[in-house]
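To start, the structure under review is shown below, and the notes come after it.
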Amino acid sequence: MLGIWATPLEQGLAYGILVLGVYLTFRILNYADLTVDGSFPLGAAIAATAITKGIHPAYATMLGFFGGALAGTVTGFLNTKLKISSLLAGILTMTGLYSVNLRIMGGRSNIPLLREATLVTMAQDKIGFEWGAICLFGFIVVIIKLVLDYFLHTEIGLGLRACGDNEKMIKALGVDTDLYKIFGLAVANGLVAMAGSIVAQYQAFADVGMGIGTAVAGLASVILGEAIIRPKTIWTATLSAVLGSILYRFTITFALRAGFAATDLRLVTAVLVIFALALPRIKEMKLVKKIAEAKKTTTSQVVKHKTQPASTLIGSEKHATD
Amino acid sequence: MLQIENLNKTFELGGGTFKRALVDLDFVAQEGDFVTIVGSNGAGKSTLLNMVAGVYAADSGTIAIDGTDITSWPEHKRAKFVGRVFQDPMMGTAGSMTIEENLAMAYKRGQRRGLKLGVARNRVKFKALLAELDLGLEKRLKDQVRLLSGGQRQALTLMMATLKTPQLLLLDEHTAALDPKTARRIIDLTQSIVDNHGLTVLMVTHNLQQALEVGNRTIMMHDGGIVLDLQGRKREDTSVDSLLEAFSRVKKERFLDDRALLA
Ligand SMILES: Nc1ncnc2c1ncn2[C@@H]1O[C@H](COP(=O)(O)OP(=O)(O)OP(=O)(O)O)[C@@H](O)[C@H]1O
Ligand SMILES: [Mg+2]
């Protein structure tokens, strides 16, 4: 029934968890977090290893979350306490995680899960093959979205949002901004790793290289969703993150169908993000041009009038009323 | 209420140069004092306020509020005692968040924050308080603060700083970015809030007229120290002109001192 759109929809929902995490750092904390490229495979590695050791996949997925939260804590610590720049802090954690992930996977770069029962196979057994994964991922991502919506309106949630908006102000109101930032990064990377755990179960393997480019793909999804929804509230912003994730996977499927080589997609994604980030600039430049044109077309008298000193302006006004 | 003893702060400007922003500064404010602070650019006024709020750590000396030594307290912990309004209207509010969310954050100043909804039950209270401002903000609770004018933002910041009554209110040129009429409004508003709560206030201003009119005490800072402390009769007898004169005298004295040292 869903035909070729089943796969991108499934992916979009599964990666939607990751995109919510990226939204949390990128938009709420105003922090471009590259830990993602490491915490995503971390979640996959933890879940895959745990499942092959006989741990229930639900617990394995949760373990993945906590692993990611730990990674986020490290990045947060590097950034807030050791004052390492946000980008570099993320890169350092990500780089270290590569070795950690290989360790967790017992030195292998790939763990197959084909023979294992996973959350995905369980859902497919219950609901049916076509809708199993979609229902499972959809359920998880909606729950997380709703919890996030609530959380971002709590007292702590408001403080977290203020950390990204106006750090000086919220510090003056008594929030330990370092602690909040670390916490935010922990939750975000927990979500990212959880997405990694779930994607590993979905594709039936964990691979140490599966994280490359996920941070940028996450950003692209956030931006894509915002371009369509133009969210003004938290509720719509998290919705746009999830929809952006689905849209991004659709776009990729479409691009592949249109004849793009799979290997070119990273470039397409990067260009998409660059374009979206440059958009405000482009708009600004257009506005400047428009103003300049408007100035040219208005009569010289008006322009003169504007540049007159205030005193003469008042004088001329008086004259006009006479 | 506020006791500052022998406070020193030196900034490293890089390249081996240093700036002594506060030099052996002593200052005591009584409960209910409304102190206006004047002094030329770079005198150390903002630094003094920042030190009291805990933005910078002291090199030496002590700061105490009501007998509690807070010198080593981090800024977020001092927020329990201190409310602040900055010069830049953008500085005191979170622009992407709504008016009611900003108020909700201020309502928890210096207290434990939890997992209860921030605004929820307080909306009625916020509405009533905003109505008192008479700026029409009570109808815009769900508007993002970045949509407000500078004056409206500053009025909101002032409300936020005093929503949870602070022991000490720090105002750093909080009307400097506003047009004269709005500035007047904000000053009146400041006055009424301070009177209502009997707050202790430190207010930096470059408006000498205002410095003498508002509050009960005026200090002048220069080169990181307090060079003039006016209160009571002495302050009443001081005019803007004589304050200006004091300004130039202070500068000259320092200049002569330096000359004497060099000679
Ligand atoms: N964070 C900082 N780093 C380095 N130097 C600083 C810092 N803050 C203040 N200074 C320096 O300390 C001195 C006092 O600055 P301060 O901002 O306290 O002056 P001010 O009295 O508030 O002046 P203004 O009236 O211009 O606001 C100045 O020379 C300033 O350059
Ligand atoms: Mg200043």
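Take every residue in peptide B:98-108, count the Cβ atoms of other chains within 10 Å of its Cβ, and give the average of those counts. Could you put the intermediate results ahead of the total?
Values: counts 2, 0, 0, 7, 6, 0, 5, 11, 5, 2, 7.
Mean shielding by partner chains, rounded to a whole number: 4.
Taking the range A:192-262, which chymotrypsin sites (Phe, Trp or Tyr not before Pro) meet the DSSP loop condition and have no more than 16 other C-beta atoms within 10 Å? Kindly include the intermediate steps, with their values, before the conclusion.
On the way: sites: A:202, A:205, A:235, A:248, A:250, A:254, A:260; in loops: A:260.
Within the range A:192-262, the qualifying chymotrypsin sites (Phe, Trp or Tyr not before Pro) (loop, at most 16 other Cβ atoms within 10 Å) are A:260.
Determine how large the accessible area of residue B:206 is when every protein chain is in place; take a 1.4 Å probe and give Å² rounded to the nearest 10.
90
Net charge around residue B:131, counting only other residues with Cβ within less than 12 Å of its Cβ (Lys, Arg = +1; Asp, Glu = -1)? If you can, show how the numbers build up before the last one.
Numbers: positive: B:125, B:127, B:139, B:140; negative: B:132, B:134, B:138.
Net charge around residue B:131: +1.
Counting only heavy atoms of the protein chains, get the accessible area per residue of the protein assembly as shown (1.4 Å probe) and round it to a whole Å² value. Kindly include the intermediate steps, with their values, before the conclusion.
Details: 28640 Å² over 585 residues.
Ligands and nucleic acids excluded, the figure is 49 Å² per residue.
If you build a Gaussian network model of chain A, linking Cα atoms that sit under 10 Å apart, which residue out of A:225, A:106, A:67 swings the most?
Looking only at A:225, A:106, A:67, the biggest GNM fluctuation is shown by A:106.
Hey, with R₀ at 35 Å, roughly what FRET efficiency would residue B:236 and residue B:132 work out to, going by the Cβ-Cβ distance, to 0.05?
Numbers: r = 31 Å, r/R0 = 0.89.
It comes out at approximately 0.65.
Can you give the mean number of other chain Cβ atoms that lie within 10 Å of the Cβ atoms in peptide B:160-168?
Working: counts 3, 2, 0, 1, 2, 0, 0, 0, 0.
Taking all residues of B:160-168 together, the mean is 1.
Round to a whole number: what % of the accessible area of the protein assembly as shown belongs to carbon and sulfur, probe 1.4 Å? Intermediate results must be reported in sequence, preceding the final value.
Working: 17340 of 28640 Å².
C and S fraction of accessible area: 61 percent.
Would you work out the charge dipole size for the protein assembly as shown about its Cα centre, treating the Cβ of every Lys and Arg as +1 and the Cβ of every Asp and Glu as -1, and quote it to the nearest 20 debye?
Numbers: 63 positive and 51 negative charges, 277 e Å.
Rounded to the nearest 20 debye, it is 1340 debye.
With the contact rule set at Cα under 8 Å and sequence spacing of 6 or more, what percent relative contact order holds for the range A:1-122?
Computed value for the range A:1-122: 30 percent relative contact order.
Taking amide H positions as placed in the peptide plane 1.01 Å from N, state which residues far from residue B:10 in sequence (5 or more) or on other chains have amide H under 5 Å from it.
B:21, B:59
Quick one: Karplus J couplings for the range B:215-232, per residue in order, coefficients 6.51, -1.76, 1.60, θ = phi - 60°, nearest Hz, x for Gly and Pro?
Ordered by residue, 3J(HN,Hα) equals x, 10, 7, 10, 10, 10, 10, 7, 6, x, x, 9, 9, 8, 9, 9, 8, x Hz.
How high is the FRET efficiency from residue A:270 to residue A:6, r the C-beta distance, R0 30 Å, rounded to 0.05?
Here the calculated transfer efficiency is 0.65.
Just to be sure I understand: if you take the accessible area of chain A alone plus chain B alone and subtract the pair, with a 1.4 Å probe, what total do you get in Å², rounded to 100? Let's see the in-between values first.
Working: alone 17450 and 13500 Å², together 28640 Å².
Result for this pair: about 2300 Å² buried.
For a quick check, take a GNM of chain B with Cα springs below 10 Å and name the residue from B:20, B:249, B:140 with the largest mean-square fluctuation.
It is B:249.
Would you mind checking A:171/B:116; B:116/B:139; B:45/B:234; A:83/A:145 for any pair whose Cα atoms are more than 29 angstrom apart? Intermediate results must be reported in sequence, preceding the final value.
Working: A:171/B:116 20 Å; B:116/B:139 24 Å; B:45/B:234 22 Å; A:83/A:145 31 Å.
Checking Cα-Cα distances, A:83/A:145 exceed 29 Å.
Under 10 Å, Cα contacts only: if you run a Gaussian network model on chain A, which one of A:57, A:231, A:41 comes out with the highest mean-square fluctuation?
Taking springs between Cα atoms under 10 Å, the residue moving most is A:231.
Need the per-residue list for the range B:40-87: every residue with at least 40 Å² less accessible surface in the complex of protein chains than in the chain by itself, probe 1.4 Å, sorted by number.
Flagged in the range B:40-87: B:75, B:76, B:86.
Put +1 on the Cβ of each Lys and Arg and -1 on the Cβ of each Asp and Glu in the range B:2-237; which of B:81, B:160, B:186 then has its Cα farthest toward the positive end of the dipole?
With unit charges placed on the Cβ atoms, the residue in question is B:160.
Taking 8 Å as the Cα distance limit and 6 or more residues as the minimum spacing, I'd like the relative contact order of chain B as a percentage.
26 percent.
Over the range A:3-283, what is the relative contact order in whole percent, taking alpha-carbon pairs under 8 Å and six or more residues apart? If you can, show how the numbers build up before the last one.
Numbers: 472 pairs, mean separation 101.3, N = 281.
Averaging sequence separation for qualifying contacts and normalising by length gives 36 percent for the range A:3-283.
Within 10 Å of each Cβ of B:114-124, how many other protein chain Cβ atoms are there on average? Don't skip to the answer; put the middle values down first.
Details: counts 3, 6, 4, 6, 9, 4, 2, 0, 0, 0, 0.
Mean inter-chain Cβ contacts per residue within 10 Å come to 3.
The values are calculated or read from the model by the stated rules, or taken from the named source; none is laboratory data. None of these values were measured; they are calculated from a predicted model. Virtual Cβ from ideal backbone geometry, glycine too; neighbours counted across all protein chains shown. Remember, those area values only see protein heavy atoms, side chains included, never the ligands or the DNA or RNA. Shrake-Rupley method; radii C 1.70, N 1.55, O 1.52, S 1.80 Å.
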